[in-house]
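Just below is one structure, and these are the notes that go with it.
We did not get these values from a lab; they are worked out from the coordinates using the rules stated. It should be emphasised that the depicted structure is a prediction, and the values quoted were computed from it without experimental measurement. No Cβ is skipped: glycine too gets one built from the backbone with ideal geometry, and neighbour counts run over all protein chains shown.
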Amino acid sequence: MSFDSDASTQAPAATASAPTVSSPAPAGPRPRRQFRGDIQAMRAFAVGCVFLNHLWPERLTGGFIGVDVFFVISGFLITTHLLSSLLDRGGLRLRDFYARRIRRLLPMAFLVLAVSAAGVVTFLPIQRWRPNFAEIFFSAVYGENLYLVHRAVDYHAANQDASIAQHYWSLSVEEQFYIVWPLALVAGVWVCRRLFPTRLRLALGLLLATGALASLVYSVLFTASQQAQAYFFTPVRVWEFATGGLVAVAAPALTRLLRPAAWLRLPLAGAGWIAMAAAAWVFSPHVAFPGWVALLPVGGAAAVLIAGLGGRVPLLDPLTSLAPVRWLGDVSYSVYLWHWPLIVLAPAVLDAEVRWWHKLVIGVIALGLAGLSKPLVEDWGLRTGLLNKSLWRAFAFMLGGMALAAAGAWGGGRLADHLASAESRRLAEFLATDCAGPGAMNPANNCPNKLGKPQSIVLGEDNIYYSDPPECRLEELPHQYEKFAGKLVCDYRPDPNAPVDGRDVLMLLGDSHADQWSAPVIEIARARQLRYEALIVAGCPVRQLNDTEYETQTYLWGQNCADATRTVVAEVTKVKPARLVYSLYAKEEPLAPEGDQQALYNESLGGTWRQFLAAGVGKIFVIADVPYNHEVRDLNCYAQRDNPAVDCRVERSKALAVDPLPGTVPAAADPRVQLVDFTDAFCDAEYCYQVAGEMLVYFDQTHLNRQYALKLRPRLERALFGQ
């Protein structure tokens, strides 16, 4: 983030906590520096947006744009700082530049990581230690964003297992920028000085603009195809830094333009603030971000920076220079570092649901810690002789901290594995009993533990519903995109190399609500020596209607869904599986803005199924969707109540909303289309449960815990094969 507040636009060695600027000069004595209260206000706004979004994601839905504002500020301040050395003073000592970044940023970053590691060991279950220690390590070496890209983590997923160090992704992007940007700028100045010595800034600006445009185009394309990974990927964010850098390169010309037209400063700054605020308020996780929509907050931030080049902005300057605003801007780095570990640890510390007053306390604690750590740690890093007497001491501090983080992560992971092994054996013994999970919901079993506390509230690798066995492989198909990876094949036939016969194929088809049944379907295929094939298009039902907008997603996403649907239909009609298992999330997904949704589903799904049957598909088994979870209760209720089986249950009428999917089966009027309904495995006559038979029912917002689904395998096998 742009927390490197000592990065003065004139003096590389400035130590003031606020950013400063001055009129550019070709040479000579350093000009007088001017305090930029608007930049401190932008920092305060940005960290406030991120903090509020993390506390109340359903309120300030677009607060994540605060990170983009920070990136623009970083590009502006660091580029101005570097140009001051390269152009005004004739050279840049890269070692000094990097050493100062180390002194400024790493002491605080390492402290919060150390405290976070202690919090993990003290408060979190053993099963969550290893993933948290892994991300603490990658955060310490500033590779957290790349690690999240590798794991295809969804930033917006409301999952309770978010790492305590996940917020370091943006710091990693920024540090990668700090490493590369000075080198790129030195090279750019060297080239432009030789080719265009009389138009140096113009040539440099055009070069920078070309790079920014290339990054923006890449951002748009990558976001459209791989949105989850794009959010964290550094090349996708380069144009945001470069936008701030362009303002810095063009600062002399912009200053000359604004000084005689002072009246422009207020509307320009006002438009910038409105753009940033609108993005924070209007954007949501459904927006394909960053992509082209990031132009709104990035452009707004650039407008505010430009308006401030000409001097103070009338009317706005008294507001942006208020003491509380300036203070929050000063401590924004510490606030950002402290707030996320507090949010992650709060449910475990409280052992109760996190209420609004708890969130207020989290805010107070984060601000208090930031107020203390700013002078005691951040400023100490710049003052102490321990890091200032020698450049190499600063670099040794960096390498030593990273080495300690690596050793701690390795040791913590080994300890977690050792402690978790006994727990895993105990859980395995429990899962083997008839009264574990859905078995307790069957009155015939006379299970005493239907409303018992969960044996474990940890959702790890064994609980991920979309986890596939290592022997399975993906086959490429046309029109693949982020939500459609192709066809998954797990071949358990005696001769996997034999020609594919549809009579030996058990196929799973639908969106992620079909994928949640993959574990029991795969086990059935394994036991019966069949070929398992899965065609999963997440967030997209396979249906006859080819609408181009679905689940409020963008046109491109809707078109991808329609294209993938045609591919899937063609594949099903080619394979002709003997048994096709189908499910989807139809409760909240209207097929048209108006009209009878049941009739629309009857027509679209019925037409698709008739097409399958006419092509030679044997039978189609439609699994009714699971009851509501996060729509009717707190997603993390099970981890925050003394007896979640009782405290987190909801009335059956609330959890079982009108679902058009079951009604499509009788409407199909074909005995080869059959309904498989497991509602009684989640609900009794009065309530539907988040915890049943001492097991967690759900993995996340709407999908089943894989272990719970596996306990339903015998019932599913009887439904499919009648035995």
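Some points to look at:
- Restricted to Cα atoms, the range 263-361 shows a radius of gyration and a Dmax of 17.7, 56 angstrom.
- Prolate/oblate/rounded call for the range 618-668, Cα gyration tensor, a/c under 1.5 rounded: prolate
- Cβ-derived FRET efficiency at R0 45 Å, His630 paired with Asp495, nearest 0.05: 0.50
- Considering only beta bridges that DSSP places wholly inside the chain, some 45 percent are antiparallel.
- Proximity of backbone amide H atoms, modeled 1.01 Å from N, is registered between Leu530 and Tyr492 at under 5 Å, excluding neighbours fewer than 5 places apart on the same chain.
- Think of each Lys and Arg Cβ as +1 and each Asp and Glu Cβ as -1; about the Cα centre, that makes the dipole of the chain roughly 3140 debye.
- Ratio Rg/Rh, restricted to the range 200-273 and using Cα atoms, in which Rh is the Kirkwood radius: 1.11
- Under the Karplus curve 6.51 cos²θ - 1.76 cosθ + 1.60, θ = phi - 60°, whole-Hz ³J(HN,Hα) for the range 144-152, x wherever Gly or Pro sits: 4, 5, 5, 5, 5, 4, 4, 8, 6
- Debye log10 I(q)/I(0) for the range 355-429, one point scatterer per Cα, at q = 0.22, 0.27 Å⁻¹: -0.94, -1.07
- All Cα pairs of the range 578-723, percent lying beyond 28 Å: 26 percent
- The range 201-354 - Kirkwood radius from inverse mean 1/r over Cα pairs (Å): 17.9 Å
- Dipole magnitude of the range 360-485, debye to nearest 20 (Cβ charges: Lys/Arg +1, Asp/Glu -1, about Cα centre): 780 debye
- Spread over its residues, the convex hull of the C-alpha atoms of the chain is 178 Å³ per residue.
- Remark: the range 585-723 carries a charge dipole of roughly 620 debye about the Cα centre, counting +1 on each Lys and Arg Cβ and -1 on each Asp and Glu Cβ.
- Contour minus Cα-Cα distance for Arg566 and Arg355 (0.36 nm per residue): 71.4 nm
- The ranking of Leu195, Leu661 by Cβ neighbour count inside 10 Å, starting from the fewest, reads Leu195, Leu661.
- Residue order, fewest to most beta carbons within 10 Å, for Ile522, Ile464, Ile362: Ile464, Ile362, Ile522
- Screening the chain for whole DSSP H helices of 20 Å or more along their axis (Cα) with average Kyte-Doolittle hydropathy at least 1.0 returns 66-83, 200-225, 265-282, 295-309, 332-350, 356-373.
- HN-Hα J in Hz across the range 691-706 - Karplus 6.51, -1.76, 1.60, θ = phi - 60°, x for Gly and Pro: 10, 9, x, 6, 10, 6, 6, 10, 8, 8, 4, 9, 9, 6, 5, 4
- For the range 343-495: Kirkwood Rh in Å [reciprocal of mean 1/r, alpha carbons]: 22.5 Å
- Where the Cα pairs of the range 310-410 fall when distances are cut into 10 Å bins, in %: 13, 26, 31, 22, 9, 1
- Given charges at Cβ of Lys, Arg, Asp, Glu: the chain dipole, positive-most of Gly310, Leu710, Gly37: Gly310
- Extension gain, Arg151 back to Val282 (0.36 nm per residue minus Cα-Cα distance, nm): 44.3 nm
- Normalised by the number of residues in the range 367-469, the average gap of Cα pairs under 8 Å and 6 or more apart makes the relative contact order 9 percent.
- Cysteines without a disulfide-compatible neighbour (Cβ-Cβ under 4.7 Å), the chain: Cys49, Cys192
- Count, lysine Cα pairs under 21 Å in the chain, 8 or more residues apart or across chains: 10
- Two-decimal log10 I(q)/I(0) for the range 69-131, as the Debye equation yields it once each C-alpha is a single scatterer, q = 0.28 Å⁻¹: -1.12
- The amide H of Val691, built 1.01 Å from its N in the peptide plane, has Val697 as neighbours under 5 Å, considering only residues 5 or more places off or on other chains.
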